[in-house]
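A.B. asks: I'd like to ask some things about the structure below.
The values are calculated or read from the model by the stated rules, or taken from the named source; none is laboratory data. The model shown is predicted, which means the values in this text are computed figures rather than measured ones. Glycine gets a Cβ as well: all are built from the backbone with ideal geometry, and neighbour counts include every protein chain shown. Side chains are part of the model used for accessible areas, which takes the heavy atoms of the whole protein and leaves out ligands, DNA and RNA. Shrake-Rupley method; radii C 1.70, N 1.55, O 1.52, S 1.80 Å.
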Amino acid sequence: MNQLINEYFDAKQKPLTAHLSIMLSGLLFLLTSQVAIAAEVDRVITIATQEWAPYQMEVGLQNDGYAIEALACVMDKLQQPYKVVFLPWGRAQLEVKQGKYDGFFSASQNSARDRYAVLSNTFIAQQWNFYLLKHTSIPLNKDAIKSNAQFGGRKHSNTTFWLQKNNYNVIHQASSLDELIHLLEKNRIGAILESDLFFEAAAKRVNIPLSDFSVVPNLDRSLGVYFGKIFLKQYPAFLDKFNQHTESCRFTSEQAN
């Protein structure tokens, strides 16, 4: 009698077990599909930037520059369609904050940007130097420069943000580095903190030899892509996938020489 009862319940449990197995498999499939969908961006990603030779430039109908090439390398590995849009730098950052664009680059980290965007791995080399006139009376060391120099800075730039955050004396802000170099040449300001490659390109553009300046290295500040938190909320797995390819697409200062 007991054997018959056990056989009866075994027969009842087998369909139930099979049914539960099918349900769990279906649920796992749905969860896996949702993760895959979250990782894939099913549209063109828009990246805002500024004209910032030699990192990113518009040359005719083409985009060019060290940062442009590094970004293209990562996106090609991801097989991800994207578009770079050139804007004034302050507007580029603001409109990522507002969600109009998905990211901005090339950019270094600061706390103001961190409030509305997340920085990728940094993979584009940049060195911040102090630039003073060759005949400056200020001793060429960091402490003396901080104590004595009156700085000019670019509006909305991280160099200006850093100077102000660290209590340097910023007396003038300009829209372009070209303007700041002319002010430095006329002794209207005493120093500039700027990206090395960017400064070299600007000095060449305004026909002032680099030998006219004293250069004091300050910080290594590598660059990456800031992706807006609005974008990352929609595609939370994207940044990890982007970061998987930054090392193989790295731009180093040696490549510029």
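A.B. asks: How about the stretch 122-137: which of its residues are of a type outside the set (Gly, Ala, Ser) and open to solvent by less than 70 Å² (accessible area, probe 1.4 Å)?
C.D. replies: 122, 123, 124, 126, 127, 128, 129, 130, 131, 132, 133, 136
A.B. asks: Return the residue satisfying two criteria in turn: it lies in the stretch 209-256 and is of a type in the set (Val, Ile, Thr) and closer than 26 Å to residue 130 by Cβ, and of such residues it is most open to solvent (accessible area, probe 1.4 Å). So that I can check it myself, show each step before the final result.
C.D. replies: Here is the first cut: in the stretch 209-256, the residues of a type in the set (Val, Ile, Thr) are 215-216, 225, 230, 246, 252.
Among the residues that remain, those that are also closer than 26 Å to residue 130 by Cβ are: 215-216, 252.
Details: 215: 75, 216: 15, 252: 44 Å².
Within the stretch 209-256, the match that is most open to solvent (accessible area, probe 1.4 Å) is 215.
Residue-wise test of (1) in a helix (DSSP H, G or I); (2) farther than 21 Å from residue 113 by Cβ; (3) open to solvent by less than 50 Å² (accessible area, probe 1.4 Å).
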residue	(1), (2), (3)
139	no, yes, no
145	yes, yes, yes
161	yes, no, no
172	no, yes, no
179	yes, yes, no
187	no, yes, no
194	no, no, yes
201	yes, yes, yes
207	no, yes, no
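A.B. asks: Could you run through the stretch 114-137 and say how many residues are touching a strand residue (DSSP E or B) at 6+ places or on another chain (Cβ under 7 Å) and not in a loop (DSSP other than H, G, I, E, B)?
C.D. replies: First, pick out the residues of the stretch 114-137 that are touching a strand residue (DSSP E or B) at 6+ places or on another chain (Cβ under 7 Å): 116-134, 136.
If we keep only those that are not in a loop (DSSP other than H, G, I, E, B) as well, we get 117-119, 124, 127-133.
The qualifying residues number 11.
A.B. asks: Could you look through the stretch 52-91, keep only residues that are under 19 Å from residue 202 (Cβ atoms) and either in a helix (DSSP H, G or I) or among the charged types (D, E, K, R) (or both), and pick out the one that is most open to solvent (accessible area, probe 1.4 Å)?
C.D. replies: 58
A.B. asks: Residue check: is residue 151 part of a strand (DSSP E or B) and over 29 Å from residue 245 (Cα atoms)?
C.D. replies: yes
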